[in-house]
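Colleague: Before we start, here is the structure in question, set down as C-alpha cells.
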Amino acid sequence: MLGPQLNEVILKIYQNCRDIPVHDFKDWAMTTVQSVIAFDSGLWANAQNVFSEAFNSVHLFHLGWDVIENYTREIGVENDLLAQAAIANPGRTMIMDEVMPYDEFTTIPMYLNHCRHFGLEQALCTCHVSSVTQIPTAISFYRADPQRPFSEEDRRAKEILVPHMVEAMRINLFASLLGTEARQGEALAFCDARGVLYETTPIFNALVTAVCPDWRGPRLEPPCTPMDGVSTVRWSLNGLTFEASPCRDLFLVRAKRENVLERLSPRQLAVAEMLARGKQYKDIGRALGISPSTVTKHVNQIHERLEIRKREELVDLFNSKLH
C-alpha cells in the first residue's frame, strides 16, 4: 500500500523545495521519488506548447545528451507513440502497455533505432499542462530491464506525484533565484529571450488574463527592444507594465498595472496633485513660485500626457491611486 509512502514523499518534496539549489532540484526530486517508484533514468522537459517539438529546457536523469540528439534525429514527437498518448491525455500517466503490447513495441523503429540503445525498455510518461499558461511539462521514467515492466501501482503513484513535482519546481525556482527579493503577492514570471514563459506566480496569471482575457500563454507579447541578457527591458501592454531583468540564463519579469501618473515630471505631478485637491491656478503658482501662465502650460501638458480633458478625470486618477 503506497498511500503513506506517497504522502511522505510529497511532504518531503515541499519541505525541502525552497532550500535545494535550483540546478540540483530536478535530480534531487527524482532521486526522492525513487523511494516509491523504482526506475533507472528519467527526463524532465518543458515545451513551448503541447504540439511543439522545441523544448525550452530538457533535464536528463542518469542519461547522456546523446539520447536527445538521437531522438531528434531518428524519432521526433510525431513518431513517439507514448509521447503522443501522453499529449492526448494531459495529467494521465501513460504506460507503454496501454499504447501497444511490448512484443509489438520491440519491432517498431522507435525501439530499434532509439530505445534499445539507451536502456529505455520500459517507460512511464506524463504530460502536465498548466491550466492558465498552457505551459506543458513532460516527465518520463525509464527502466533498462525488459523483464521489469512498470505496474499499474507505479503508474498511479507517478500520476499523483507529477503535479506536486512541477509545483515544487516552481516554488524552488522563485525561492532559489530571488531569495528574499520577491515580495508576497508580487506578479512574477520567468521567461526566455523570446518571451516564452517557464514559470509564473498565480497573481501574474491573474493580472495578465484580467487585461488580456484571450491570453492563454505560454508566450508574452515581446517588447520592441530585444531582451539581450544584459540590460533591463520595460514595455507596456493593455494597461500593464512589464519589466524583464536578466537572471542567469532566463529573464525575471515583473508585471504591474500601469500608474499613468508616472508619466508626469515631478513638477507636473506637484501641479496635478494641487489641481486635484481643488486649488486655483493662482494658488498653485504662489505655492510653487511660478506664474499663473506657467501653471496653465503645465496643466495643458498634464492633460496631454494623461489623455484627459477635465479636472474631474484628474481627481478620479488620484483617487484610484489611493485605493
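Colleague: Calculate how steeply helix 292-306 sits against the longest principal axis of the alpha-carbon atoms of the chain, using the helix alpha-carbon long axis, and give the answer as 0 to 90 degrees to the nearest 10.
Modeller: 20
Colleague: Next question. How far apart, in nm, are the 7 Å Cα→Cβ label points at His117 and Met100?
Modeller: 1.8
Colleague: Label-point separation (nm) for Lys279 and Arg148, each offset 7 Å from Cα along Cα-to-Cβ?
Modeller: About 7.8 nm separates the two model spin labels.
Colleague: Out of [x] 0.99; [y] 1.35; [z] 1.68, which label holds the value of Cα Rg over 2.2 N^0.38 Å that was computed here?
Modeller: [y]
Colleague: Once you keep just the Cα pairs under 8 angstrom separated by 6 or more residues, what percentage relative contact order results for the range 183-323?
Modeller: Values: 187 pairs, mean separation 24.4, N = 141.
Reported as a whole number, the value is 17 percent.
Colleague: Let me ask you something else. What FRET efficiency, computed as 1/(1 + (r/R0)^6) with R0 = 45 Å and r the Cβ-Cβ distance, is obtained for Glu304 and His23, rounded to the nearest 0.05?
Modeller: After rounding, the FRET efficiency stands at 0.35.
Colleague: Percent relative contact order of the chain, based on C-alpha pairs within less than 8 angstrom and at least six residues apart?
Modeller: The normalised contact order for the chain reaches 13 percent.
Colleague: May I ask you to give the solvent-accessible area per residue for the chain, in square angstrom, as obtained with a 1.4 angstrom probe?
Modeller: Counting only protein heavy atoms, the per-residue value for the chain is 52 Å².
Colleague: If you take the charge dipole of the range 186-323 about its Cα centre, with +1 on Lys and Arg Cβ and -1 on Asp and Glu Cβ, which of Gly289, Thr232, Phe204 is farthest toward its positive end?
Modeller: Among Gly289, Thr232, Phe204, the one farthest towards the positive end of the dipole of the range 186-323 is Gly289.
Colleague: What's the magnitude of the charge dipole for the chain around its Cα centre, counting Lys and Arg as +1 and Asp and Glu as -1 at the beta-carbon? Answer in Debye, nearest 20.
Modeller: About 2320 debye.
Colleague: Counting only C-alpha contacts under 8 Å and six or more residues apart, can you give the relative contact order of the range 120-243 as a whole percent? Mind showing how you got there, number by number?
Modeller: Details: 140 pairs, mean separation 23.6, N = 124.
Contact order relative to length: 19 percent.
Colleague: While we're looking at this one, here's another question. For the chain, what is the calculated [θ] at 222 nm in deg cm²/dmol (nearest 500), taking -39500 (n - 2.57) for each run of four or more DSSP H residues and dividing by its residue count?
Modeller: -12000 deg cm²/dmol
The values are calculated or read from the model by the stated rules, or taken from the named source; none is laboratory data. Remember, it's a predicted structure, so these values are computed and weren't measured experimentally. Cβ: placed from backbone, ideal geometry, glycine included. Neighbour counts: every protein chain shown. Surface accessibility is based on the protein's heavy atoms, side chains included, excluding ligands, DNA and RNA. Shrake-Rupley method; radii C 1.70, N 1.55, O 1.52, S 1.80 Å.
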